[in-house]
Structure formats: structure tokens, C-alpha cells
Amino acid sequence: MTTAWKTAPIIDEESIETSLHRARKADASSVREILDKARELHGLDPEDVATLTSISDPGLLSDLFDTAKYVKEEIYGRRLVLFAPLYVSNLCTNECLYCAFRKSNKELRRRALTQEEVANEIDHLIDQGHKRVLLVAGESYPVDGFSYVIKCIETIYSVRKPHGEIRRVNANVAPLTLEEFRELKAANIGTYQIFQETYHRATYARMHIAGKKTDFDWRITAMDRAMEAGIDDVGVGLLFGLFDWRFEVLALMQHIRHLEDAFGVGPHTISVPRMEPAVGSDIASQPPHPVSDIDFLKLVAILRLAVPYTGIIMTTRETPSIRRETFALGVSQISAGSRTNPGGYADDEQIDMSQFSLGDHRPLDEVIRDVASLGYVPSFCTACYRLGRTGADFMDLAKPGKIKDHCDVNALATFAEYLEDFGSEETKRVGAACIQQGLDRMPPERRRTAEYLVQQVRSGKHDVYV
């Protein structure tokens, strides 16, 4: 247990600017030395990360991408975990200039789902084949307060159908008190996720003009309270486009280092959303610091090298083509078939309640077929959460690249389960070839285990894992 976070600074802006200034002088030899270091799978120092952000030469950029692909496959193999966000409410008391949910936005229809409506949304998600959801709520709740979130989690877990159920709920909700985080832990969530949005204090102040979210320090210390409350896995992230992406990546590294120093373990996931148009927000349509596609791909690759053990999440904000390119650069989790408005799975026409625009509108089955055709294994695995491979235990397996001994096997089993219960005929055809390719890539002992689990699934069993 630690309380060092209550007094210690987390982000040192001056040191970030110094590192970025030095990075401008780096030569090709320095870059290649850093890429060789990254292949050792121990991560990178801030100075290394700063140097990689300065890459512009096409040859060095290609080397960066090749190294990211190597590191991603050494740690995680070729599996991609799939999930869906579940927006239960768009109520909010904050004024965030880039967000459709902000309090003063009169163009947005407000709604908080009843528990019956939550169950109906989950019913639709289960019928698509989903096994993981990320519960998302605006930073305000109906009259029952924070207990509304706990009730929603209970409802999600309670819905069971002949061919499925939601096996893991992760949560993206407003920063909580220590006691509220303990309640969230007791509700059996997987990962607690929250984004700092921007680590640049002056920009943060300009973008957040009213509500509790104006407090930069309360938000950045949310992860500390969550981990102190016993939540093993936390997910960090920011909204690229609010400030210079190079600064943001270096600040993110400082935040991660802080968590490692304070708790002995870093974040379980990093999310990398770019700003997208949002109803009633001019800023969202014209980001102050737009991130080009090539810089976006570069920052994903850099993050994979900097923290090789951490999952990187790519949402449906991005187009299918950009999403495909990031798979090889480090992304290990993706959302699919997403809706960003409360009630959106039961009625996907209610776009006037969405938080932002989507770039990938494809249904889950089409995304899965696309992923499998590219040689990646769609995974719905939740075994690590259920077997206690979380926090430090997970990192002990992830850092040396041993987690794929479990992930590769369980990914094939959950993919086979999806195909048996929900896959279209074309997806079954593509999926069967993908499973066989996955088996062929495995060493003999791991292959025997995977073949046994896949056969169990094809014989009618569900939810088998190691």
C-alpha cells in the first residue's frame, strides 16, 4: 500500500521539453541503436522515446514499424482481443469543449438507461457474439448516484442466454474516491479505464472549463486510488489532437513510470483515440493539434516499443484501413460493432445521443472476417481475469513474452466458439483457415493443448480455457 501519489508530482513538463529538444539532434545511428535495444523487450527510456518521435526518414520509419511488429508478436503473438463499449448514460456535469456530452450542449438528447434497457443492450451484444464489454458513462449519474454504475454491472453479469453471456466487464467512469473504487472492485470488474485527455496543464485548463473535471490532479491520481483500492488492472490513455502528440507520449511515459515506481506495475492497457467530430463541438471537428495518419501510426509503434508488455487499444473512431495498419504495429485489443450512445445497440439510429463520430461502422462478423483474413486471431478470451492472472502476475508473464503461451491457445478456443455459435458461412470458412494457420505456427506442446480445446468447442462445449 502506498500514498506517495498524494504529494509527489507526476508530470515534469520542463524535462519533456528538454528531451524533445535533444531528440532533434539525433542521427540515424542513434535511432538504430534504440531499435536494437527495443528488440530486447525491456522497454525504452524517455530519452529513447523522444528520439523515436523525431523520425522522419522513410527508411528509419520502416525500421521502426518492422521493430514494432517484431515486439508485438514476441509478446502477444497474432491474437487480437475484441470487445464492445456499452454506453449506459450521457448525463454529464462537465464542460469539455471537445465532447458532445458536455453539460451545455443543447443539441444532445440526454438519456440514462434503466436496468431493463441495460439488459436489453446486453441481450443484443450477446446475440452478436460479444463476451467483453467496456461500461462507459458520462460523468454524472441518475438520482441513485454512483450506485447506478454498480447496478449496471450487476445487470450486465446477470444476462445469460443459451449461446453466451458477458464474461468480463471493464469500466470507464469518472474518477472515484478510494471507497468508491473499493465498491467497483467488489463488483468484479476487470480493468478500470480513464483518460487524462491531455497531460499539458495549460491545454487541459483551456479544454475543461467547468465541473469536477477541471481538476487536473484529481483526474491524474485516479489510477493511484484505483490501485490502492485493490484494482489490479488499470487502463490509461489520452485524446490525441488537443496538444502536440510528441509531448503527450513523453508525458504518458512519465505517468506510467510513476505507477511502476509507486505500485510495482504499470497499466494493463493504453488507449490511443484521435479527436473525431462530435455534435455541438467545433473543436472536435478542427483539433488544435491534428495528428496525421503517418504520425498516428508512428506513435502506436513507439508505444509498443516503449512499454512492450502493455496492451494497446484501437477503437472504432478510426477507419478500417487505419485500424488494419495498426494491427502489425502494436495494437492488441480492438472494439467492434460499436455504438457510442445509450441504447445504441437496440436502436442504432439515435445518433443525436452519441459522444463522437465513428470511422468504422462494420458489424462484428465483418470485422472478425477481416481480422482473420489478415492472419490475426480474433479473441474473446477472459481467462486471465478469471484465473487471477492480473496486475503483477500478468506482467510477470507478459514482460518475458510468456503470456502468449496462454493467449494463443485461448484465442483459438474462443474464436472457434464464436464461429460455432454466431459466424456467418463466409466467416466460418475464413475462420477455419485462420485457426489452422494458428495451430501450424505453434510449437508442438502448445499446439496439442490448443487442438484439444478447439475440438472440445467443436463438440459442443463452451467457455474452455487454460
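Some points to look at:
- Tallying residues that are farther than 14 Å from residue 271 by Cβ and not β-branched (Val, Ile, Thr) within region 226-240 yields 6.
- Considered as a group, the residues in region 434-446 that are modelled with pLDDT of 95 or more and over 13 Å from residue 371 (Cβ atoms) include one that is surrounded by the fewest Cβ atoms within 10 Å (Cβ to Cβ), and that residue is 440.
- Where a residue in region 215-241 is more than 13 Å from residue 313 (Cβ to Cβ) and its partner, wherever it lies, is assigned to a helix (DSSP H, G or I) and basic (Lys, Arg), with Cβ under 6 Å and at least six apart: 216/201; 229/182; 229/185; 230/185; 231/185
- Those residues of region 372-423 which are of a type outside the set (Gly, Ala, Ser), farther than 23 Å from residue 448 by Cα and at pLDDT 90 or above, in sequence order: 374, 421, 422
- With respect to the conditions (1) within 20 Å of residue 86 (Cα to Cα); (2) not in a strand (DSSP E or B), residue 171 lacks only one, and its number is (2).
- Set side by side, the residues 123, 48 differ, and just one is part of a helix (DSSP H, G or I) and buried (at least 23 other Cβ atoms within 10 Å of the Cβ), which is 48.
- Of the residues 238, 178, the single one that is closer than 30 Å to residue 131 by Cβ and either at pLDDT 95 or above or buried (at least 22 other Cβ atoms within 10 Å of the Cβ) (or both) is 238.
- For residue 227: the one exception among (1) at pLDDT 95 or above; (2) surrounded by fewer than 22 Cβ atoms within 10 Å (Cβ to Cβ); (3) more than 28 Å from residue 294 (Cα to Cα): (2)
- Considering residues of region 272-328 that are free of Cβ contacts under 8 Å to residues at least 12 places away in the same chain and part of a helix (DSSP H, G or I) only, the residue surrounded by the most Cβ atoms within 10 Å (Cβ to Cβ): 285
- Residue identified as closer than 23 Å to residue 239 by Cα and crowded, with 24+ Cβ neighbours inside 10 Å among 90, 94: 90
- If you go through region 16-45 and keep only what is touching a helix residue (DSSP H, G or I) at 6+ places or on another chain (Cβ under 8 Å), assigned to a helix (DSSP H, G or I) and not basic (Lys, Arg), you end up with 16, 17, 19, 20, 23, 28, 30, 31, 34, 35, 38.
- Residue list for region 433-466, filter: without any contact (Cβ under 8 Å) to a residue 12 or more places away in the chain and closer than 25 Å to residue 388 by Cα: 445, 447, 448, 452, 461
The values are calculated or read from the model by the stated rules, or taken from the named source; none is laboratory data. This structure is a prediction, so every number in the text was calculated from the model and none was measured. Cβ sites come from the backbone with ideal geometry, for glycine too, and all protein chains shown count toward neighbours.
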